[in-house]
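Remarks on the structure that follows.
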Amino acid sequence: MRPNIASIFFLTFTLFCKSSLLNGQENSFPNPPSQITASDHPWDHGEKIDLNWILSADDQISVKIYSIYKSVDSDPDSFIFIGNVNPGVFSLTVEKLDRKESYFFKVIAVDEQGNASVPIVTLSAISPTREWFDGGRFPLFIITIIFCGSVIYWIYRARSGLPLQIRKIAGLEAVDEAVGRATEMGRSILFIPGIQDMNEIQTIAGLTVLSRVAKIAAEYGAKVEVPTSRSLVMTAARETVQAAFLTAGRPESYNQDLVYYVTDEQFGYVAYVQGMMVREKPAACFYMGAFFAESLILAETGNTIGAIQVAGTAMPAQLPFFVAACDYTLIGEEFFAASAYLSGEPDQLGSLKGQDIGKIIVAAGIIIGVTFLTLGTVAGPETSIGSAFMAAAEYLKSVILT
Amino acid sequence: MKRSVPLLITALGGFILIIAYFIPAAQGWGEVAAIWFDILASIAFILGGGNLIKIHLKKISDKSAGWAYSAITLAAFLITLIVGLGKVGINPNPKYPEYALSGHYREIGSPFWWLYEYAFKPLTATMFAMLAFYISSAAFRAFRAKNLEAILLLGTAFIILLGRTFTGVYLTAWLPDWMSGLKLENLTVVIMSVFNTAGNRGIMIGIALGVASTSLKVLLGVDRSYLGSGDD
């Protein structure tokens, strides 16, 4: 058999091409990044590790992304993908780690064609460490200290005899009127302390108003009915009403059966209260606490039966419904001021003054943030001073106030 | 003493939760406090159930107004309780066939599931659906143009409602591009994102400060009215 020159030539050419192609592929792999280091993220909960590396020599040439992986052992097959970062980025904070585990990390440079560089892996495993203080919450801690300090300071000043004024709140002025009306009409007073449990501050604020309502009702000899949707609230409301009757000098008129539990279920509770309102037609209805969709059903039913209605809540979505259907509505902070307003105690009035300091801090924050953004926009975000203002506003919003 | 112990528990629980927020090592304390609250609430549920039975039995016995509803409430409560706790009609878990009560209480097709699907859910949905009618009646009253403020409210509501429908978009589609800001759908966005957000944030800031101040008063024992009078 004669050797086929053409075949030999073809074979040689193919080998040459393949060799060139292989060399070409090797050359197209991006250079890997280098010197990867992993360190514990400072002042955190023990869930973060900071990674740093030196960029690939091809960073601004062919690298499209850097892919980052983690593993609890150094076995190359056990690495789990975490995420990608863009070229030019040489650090990453890896989050949601378990401080009881030790981690290895690796970084790979990947080019447009998907060719991956040789991985670089951290030399030793590292565990995140939990610090004694959460540094991310430091600005909030300072704000808390200032706010609480101002409240305590003004309570102290009020105790020292400093006279404090509080503006008239129509909804709270109406409490006496509503109870008086119910007494004149010989009908009951309905008090709903919201549908949340005792761990909700609005429920506590509601019980504060209940204390006042029950005291006036005891003085007038009116009946206060308090259906609750939580057992703990029932227990607390009973204590509140009993103490109010005692303070009014009418402990014998207290009837614990008028403070009772209905159901935890939202619409089951509404169905019961609505039916009771239609049947018994209370002359005055108070809705004080945390409400959701049931707010309008209750308030509209009260409106239909012609009851005088006073509502107070800190649920912004329910406020329009109460405003539309009730005679008086305590909006947000007015509701929380009820305790101080109704008691008139210097301690409590002092806390309201401290609250005003909080408002000044918030107003100052708003003015500073708006000023930074305005100046940044006027100067232009592309200029150095403009971008500095924008960055300051972003820091205020995302770091200090978050 | 009757008031001092609850105040102490309140202060202790509250300050632990605050500390746990800032100090990671104390995070577990906050979780423990929350678990304790859940335990207390669960025990109180028995108290609530007992109270429910007592109140409604009294209403039935006194034949007071609406006593028939009390009878229905008690019957529904007891049937659900017995069916749920007794796991009536529930098949044993295949892993533990020898234990009759090993099946899941919400097994599909079981009597408890049936009560939930065909009694509880429709009743809840009915109550929720009634909200639509109440919204209509409240809107009718709120949007009466009695004075300048009411007229402004009515006008704003009209724009928002129209701007969120196809009709609204259609009505102002003829406006040229340079007047696109006056298109109803764009006006709606401006009203919601500027005026509404500003008002809402004002209320939210007041609420946040009120919550913080009230919490502090409760923790420090300045406000004791939720425990009754301020006297010990």
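The values are calculated or read from the model by the stated rules, or taken from the named source; none is laboratory data. Being a predicted model, the structure only gives us computed values, none of them experimental. Every residue, glycine as well, gets a Cβ built from its backbone with ideal geometry; the counts of neighbours run over all protein chains shown. When the accessible area is computed, the model is the full protein with side chains, heavy atoms only, and any ligands, DNA or RNA have been set aside. Shrake-Rupley method; radii C 1.70, N 1.55, O 1.52, S 1.80 Å.
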Qualifying helices (runs of 4 or more DSSP H) (wholly inside the stretch A:187-289; at least 2 residues being outside the structural domain of A:Ala338 (by TED's automatic domain parsing) and polar (S, T, N, Q)) | none
Restricted to the stretch A:282-301, and to residues that are within 12 Å of chain B (Cβ to nearest Cβ) and touching a residue at least 60 places away in the same chain (Cβ under 8 Å), which residue is most open to solvent (accessible area, probe 1.4 Å)?
-> A:Phe292
Select from the stretch A:313-325 the residues that are under 20 Å from A:Thr208 (Cα atoms) and either over 22 Å from the mean Cα position of the chain (by Cα) or surrounded by fewer than 24 Cβ atoms within 10 Å (Cβ to Cβ) (or both) and list them in ascending order.
-> A:Met315, A:Leu319, A:Phe322
Considering every residue within the stretch A:208-223, establish whether at least one is open to solvent by 10 Å² or more (accessible area, probe 1.4 Å), over 17 Å from A:Glu280 (Cα atoms), in contact (Cβ under 8 Å) with a residue 24 or more places away in the chain and touching a strand residue (DSSP E or B) at 6+ places or on another chain (Cβ under 6 Å).
-> no
Residues B:Ile53, B:Ile90: which one is in contact (Cβ under 8 Å) with a residue 24 or more places away in the chain and either open to solvent by 90 Å² or more (accessible area, probe 1.4 Å) or not charged (D, E, K, R) (or both)?
-> B:Ile53
Filter pass, B:Leu182 being closer than 24 Å to A:Glu334 by Cβ and outside the structural domain of B:Gly14 (by TED's automatic domain parsing) = no
Residues of the stretch B:1-34 classified as small (Gly, Ala, Ser), more than 13 Å from chain A (Cβ to nearest Cβ) and either free of Cβ contacts under 8 Å to residues at least 40 places away in the same chain or within 16 Å of A:Ala236 (Cα to Cα) (or both), total = 1
Is at least one residue of the stretch B:63-82 hydroxyl-bearing (Ser, Thr, Tyr), without any contact (Cβ under 8 Å) to a residue 24 or more places away in the chain, closer than 23 Å to B:Gly221 by Cβ and surrounded by 15 or more Cβ atoms within 10 Å (Cβ to Cβ)?
-> no
When residues of the stretch B:100-124 are filtered for being in contact with a Lys or Arg (Cβ under 6 Å, 6 or more places away or on another chain) and surrounded by fewer than 14 Cβ atoms within 10 Å (Cβ to Cβ), how many remain?
-> 1
Which listed residue is within 14 Å of another protein chain (Cβ to nearest Cβ) and either within 29 Å of A:Tyr69 (Cα to Cα) or buried (at least 19 other Cβ atoms within 10 Å of the Cβ) (or both), from A:Pro119, A:Pro128 | A:Pro128
May I ask you to list the residues in the stretch A:350-367 that are under 22 Å from B:Leu220 (Cβ atoms), surrounded by fewer than 22 Cβ atoms within 10 Å (Cβ to Cβ) and more than 7 Å from chain B (Cβ to nearest Cβ)?
-> A:Lys353, A:Asp356, A:Ile357, A:Ile360, A:Ile361
Going through the stretch A:237-262 one residue at a time, which ones are facing another protein chain (nearest Cβ under 8 Å) and buried (at least 21 other Cβ atoms within 10 Å of the Cβ)?
-> A:Thr240, A:Ala243, A:Ala244, A:Tyr261, A:Val262
Of all residues in the stretch A:180-203, how many are under 23 Å from A:Ala314 (Cα atoms) and buried (at least 22 other Cβ atoms within 10 Å of the Cβ)?
-> 10
Could you please give the count of residues in the stretch B:207-227 that are among the charged types (D, E, K, R) and either in a helix (DSSP H, G or I) or more than 17 Å from A:Pro346 (Cα to Cα) (or both)?
-> 1
Could you list, in sequence order, the residues of the stretch B:128-142 that are within 7 Å of chain A (Cβ to nearest Cβ) and open to solvent by less than 60 Å² (accessible area, probe 1.4 Å)?
-> B:Met130, B:Leu131, B:Tyr134, B:Ser137, B:Ala138, B:Arg141, B:Ala142
Leading residue by the ranking (most open to solvent (accessible area, probe 1.4 Å)) among those in the stretch A:263-281 that are of a type outside the set (Val, Ile, Thr) and free of Cβ contacts under 8 Å to residues at least 40 places away in the same chain = A:Arg279
Pairs under 7 Å by beta carbon, first residue more than 7 Å from every other protein chain (Cβ to nearest Cβ) and under 24 Å from A:Thr301 (Cβ atoms) in the stretch A:323-338, partner open to solvent by 50 Å² or more (accessible area, probe 1.4 Å) and among the β-branched types (Val, Ile, Thr), six or more apart or different chains?
-> A:Thr329/A:Val323
Which numbered condition A:Phe133 misses (of (1) in a helix (DSSP H, G or I); (2) touching a helix residue (DSSP H, G or I) at 6+ places or on another chain (Cβ under 7 Å); (3) farther than 17 Å from A:Glu345 by Cα; (4) of a type in the set (Phe, Trp, Tyr)) = (1)
Whichever residue in the stretch A:85-103 is within 16 Å of A:Pro128 (Cβ to Cβ) and open to solvent by less than 30 Å² (accessible area, probe 1.4 Å) and, among such residues, is farthest from the chain's Cα centre (by Cα) = A:Tyr103
Residues of the stretch B:83-134 that turn out to be under 24 Å from the mean Cα position of the chain (by Cα) and β-branched (Val, Ile, Thr), as a count | 2
When you go through B:Ile39, B:Ile18, B:Ile9, B:Ile46 one by one, which is the residue that is surrounded by 15 or more Cβ atoms within 10 Å (Cβ to Cβ), in a helix (DSSP H, G or I) and aliphatic (A, V, I, L, M)?
-> B:Ile18
Residue within the stretch A:370-388 that is under 30 Å from A:Ser211 (Cα atoms), open to solvent by 70 Å² or more (accessible area, probe 1.4 Å) and charged (D, E, K, R) present | no
